[in-house]
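Please read the structure below before turning to the comments.
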Protein chains: 2
Amino acid sequence: MVTVTQLREFIRYAWERAPAVRAQLNSVGMTPEDFKNLDDLVKIPVLPKKKLMELQRDHPPFGGWNAVSVGEMQRIFTSPGPIYDPQGAGEDFWRWAPALREAGFGPGDLVLNTFSYHLTPAGFMFDSALRSLECVVIPAGVGNVEIQVEMMKSLGATGFTGVPSFLMALIKKAEEKGYQFREEFNLRKAFVTAEKLPETMRTHLAQDYGIEVFQGYGTADAGCIAYECTERKGMHVGKEVVVEIVNPDTGDPVPPGETGEVVVTLLNKTYPLVRFGTGDLASLLTGSCPCGKETPRLSGIFGRVDEAVKVRGLFVHAQQIKKIFDDFPEIKRYQGRVNRSGYRDELELWVEPAQTDTFNSGLVARIKDRAREILRLRVLVRQVAPGTIKEESVLIDRRKWD
Amino acid sequence: MVTVTQLREFIRYAWERAPAVRAQLNSVGMTPEDFKNLDDLVKIPVLPKKKLMELQRDHPPFGGWNAVSVGEMQRIFTSPGPIYDPQGAGEDFWRWAPALREAGFGPGDLVLNTFSYHLTPAGFMFDSALRSLECVVIPAGVGNVEIQVEMMKSLGATGFTGVPSFLMALIKKAEEKGYQFREEFNLRKAFVTAEKLPETMRTHLAQDYGIEVFQGYGTADAGCIAYECTERKGMHVGKEVVVEIVNPDTGDPVPPGETGEVVVTLLNKTYPLVRFGTGDLASLLTGSCPCGKETPRLSGIFGRVDEAVKVRGLFVHAQQIKKIFDDFPEIKRYQGRVNRSGYRDELELWVEPAQTDTFNSGLVARIKDRAREILRLRVLVRQVAPGTIKEESVLIDRRKWD
C-alpha cells in the first residue's frame, strides 16, 4: 500500500518531469508540498480517457504525461482513439508478474500467450511478466486455433494467458479433433482478463478440464490494476497503484461497497498517470480477505460508466443485474426496470420463475438481499407471467424527465 | 570468421549436450577430435530441413538438436511443417543486431517492426535486435495498414523492418490518404528480408522517398545468416555462422561463384545446428568487398533448391534468369529454355527486343557475359519475333529423358 510520503515524493517527481501533471495540479493551485495525506489526491481533477486522447493529439505523442523521453522507452503501442501507450524500462513494466505468481505461474511453466503483440500492448504485458517469472512463452496471439492446439499438445504447454472465451475455443477445437483434453494436454493453469469470466465457466474449466483460472483487471494505459489471490474473492489492488472508486460526475470517492468509476494513480516513473479515469465501473469490497492481505479489493468490473444508469445517485449496470441472478437458477428470465415515482427513482426487478410453485416470499427476500449486497439499493421484486419480458436488455430505463 | 579451434570446441560442446549432433557425427564415425581443419565439416552429413522436421516429430520438441533444456529458453515458435524454433538466452539471440547496425539503426531510432510476432519468430528476431541497439520499437505486425500509416506519421517513426512489398503498401496508403510521404514522414531507413528486393524498388525508395534500404538473409531456424554492408554488393556472412554452398545431392561444396544450396553451421549454445541444409540457392561471390571486410559474401538468394533446374550439373533458377535481364531494359520479354542435344544440356535464352534495331551482336555478347557471370554457364541467345514467348514462366525445361 502506498504511504503519503511515497505519494508526495512521487507527485514531486512527476511534477518536475511531466508537464501534464504540473498543469493538472496548477489547475487547482496545488503543488507537491500540498500532499499532507492520501485524501489530498481527491483535490486533483480526474483525467478522463477522452481527455488523455485529446491531450495526446495536441501534444504528441503522450500529451505531456510521460516523465521520460521517447528514446528511454522500450516500445510504443496504440489503442483505439488513438491513444499511445508507452512501455518504459524494466522487465515487468506493466506489473502483471505478481498477479501471475499468485495464480501459480513460475519456473517450469510453458505458457501459451494468446494476447495480441501487434499494436496493442496486451501481448507484451503478459510476455514480459511471464519472462520475469522465468516461464517459457509461446507467443501465439489470436487466431490459428488449429495450430495453437497442436502446439499446446506437442510442446506440453502448462499455462494459458488470454481471454476466457479463447481458452474455451481452444479446448473445443481440441475436442473436435478427437483429443481427450484432460488426459492428453498438460494445461493446468490460466490467467484471464479483458473479458467477463462467468463463474459457471470457471467451475467448468476446473471440474471438467482440471484448469485453475485466475483473473485480473487492468487497462492498456495503466497495466495491471488489481488481481485475484488464491481465495478468488475480488481482486486485490496491486503495488504502485492507488485506486479510488468515484462518482464520475464529481470525482469524489463513493462509500465502500458503492459502485463508481475506477480512478487510478500510477506510481510509474515513465508514465505517471495521476487520477486517470478508466471509465470502468466497480466497487471496493468491504471486510478483509481470508488470505490475510490488507490491500483494498475490487469487485469484478461491472461495465463502462457510459453504459450505466444512475438510480437514486447510484450506478447500476446490466452486468450487476446479471450478477444478482447468477445465484438464482430458479429464475428463468429477469429484467431490471428503472421507473420514477414522484421525485424518487425506483428499481423494479421483473422475474419469470422457471416453475411458478418455486416462487414464494422467501425467494423474494433472498433476491432483495442479494440486490442490496450488489447494488447498495433497495429494489422491488415483481413476479410476472412467462413471456411478459419482451426486451433483450436486462436493464431498461423507463423514467420520463420532462 | 570462425577458426578451426572455435569450431572444434563448439562441436565438442554440441556433441556433449545435443544428442542429435552426437548421432550426426556417429553416423560417419567422427568425434569432435577429428576436426583438424575447417574442411573436415564436409565429412558430416547435411541435415535437410525435412529431416529436422521428422526428427522433431519423433523426439519432440527439438529432435535432440537443443543443447539446453526447454526451461532455459525464452520463447518457442513454430514454422510450417511444423518445425519448432527455440529462442535461447541473450538479448540478440538471432544475431540480427550487427545487420541492423550496418544499415544505420541505433539509439534515437523509432522503428516500425512489421514482422509477425505470433507463432513465427520473425517479429521477435527484429524486436530483440532493435532493442539491443537501443532503438524504440513499434510492434506492428502485418495488416492494419491504415493505423500503421497514422502511427508512423504521428510518432515520427524513423525506421522500418519487414518485407519490401509491405513498405511499399504503407507508402501507397499514405499517398492515397493525401500525405506527401517524403515531406511529412521521418522514415529514412529500412531493413528488409524474406522476400526478393528488386533493385528497381530499392532505387525508387531511395530516390523518391529518401529511404535507404538494406537487406539480409536468414531463416526461422537459424536467424541471421548474412547481410549487406554499406556497399550493398552481396551479403556478408555473419559471426557465429559457417556458410557452405554445396551440391544438394552430395553435400560437397561447389566452387566459388557456382550456385548451390546454402548449408549453415551455427555456433549457437542453445540450438547448435550443424550443416543445416536451408534449401535456399545462392552462390559465394568471388573477389573482395570494397568495404574491406574479408568475410565471405553471398549473392542474393535465387530461390529454392526444389524449384531449380540442373543444367550440366549446375543449378539454374528462374530468379537468376530474371537477374540477368535486370540489366537489359532493351529486352522486352525473355525466357530460359533448357534443351538436350545429344548427351549435353543446353540453356537457350529466347529474347524479344523492345525494338528490333537495338538488337545486334554486341548486345548478344553482353547478355552472354552477364549469364556466364550469374550462372557460370555458357548459354545460347536467340532473338525471337514478338509474341513467340507464350509461357508465363521465365525458365522451362524442354528436355526429354526417355
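What to note about this one:
- Number of positions in the stretch B:3-15 that are out of contact with any Phe, Trp or Tyr (no Cβ under 8 Å at 6 or more places or on another chain) and either over 14 Å from B:N268 (Cβ atoms) or assigned to a loop (DSSP other than H, G, I, E, B) (or both): 4
- Subset of the stretch A:159-196 that is in contact (Cβ under 8 Å) with a residue 60 or more places away in the chain and of a type in the set (D, E, K, R) - its residue that is surrounded by the most Cβ atoms within 10 Å (Cβ to Cβ): A:K189
- Restricting attention to the stretch A:284-299, the residues being assigned to a strand (DSSP E or B) and touching a residue at least 60 places away in the same chain (Cβ under 8 Å) number 2.
- Matching residues in the stretch A:16-40 - criterion: being surrounded by fewer than 20 Cβ atoms within 10 Å (Cβ to Cβ) and assigned to a helix (DSSP H, G or I): A:E16, A:R17, A:P19, A:R22, A:A23, A:N26, A:P32, A:E33, A:D34, A:L38, A:D39, A:D40
- Residue in the stretch A:142-149 that is farther than 25 Å from B:G71 by Cβ, in contact with a helix residue (DSSP H, G or I) (Cβ under 6 Å, 6 or more places away or on another chain) and of a type in the set (A, V, I, L, M, F, W, C) present: yes
- Residue ID - nearest to B:Y117 (Cα to Cα), chosen from residues in the stretch B:84-93 that are charged (D, E, K, R) and within 14 Å of another protein chain (Cβ to nearest Cβ): B:D85
- No other residue among A:D306, A:D369 is surrounded by fewer than 19 Cβ atoms within 10 Å (Cβ to Cβ), of a type outside the set (V, I, T) and at pLDDT 85 or above apart from A:D369.
- Test set (1) outside the structural domain of B:E231 (by TED's automatic domain parsing); (2) in contact (Cβ under 8 Å) with a residue 60 or more places away in the chain; (3) within 24 Å of B:R232 (Cα to Cα) - B:T270 fails condition number: (3)
- Selected residue (criterion: nearest to the other protein chains (Cβ to nearest Cβ)) from residues of the stretch B:50-83 that are surrounded by fewer than 20 Cβ atoms within 10 Å (Cβ to Cβ) and in contact (Cβ under 8 Å) with a residue 60 or more places away in the chain: B:E72
The values are calculated or read from the model by the stated rules, or taken from the named source; none is laboratory data. All figures in this text were calculated on a predicted structure; none of them were measured in a lab. FYI the Cβ positions are ideal-geometry reconstructions off the backbone, even for glycines, and counts take in every protein chain you see.
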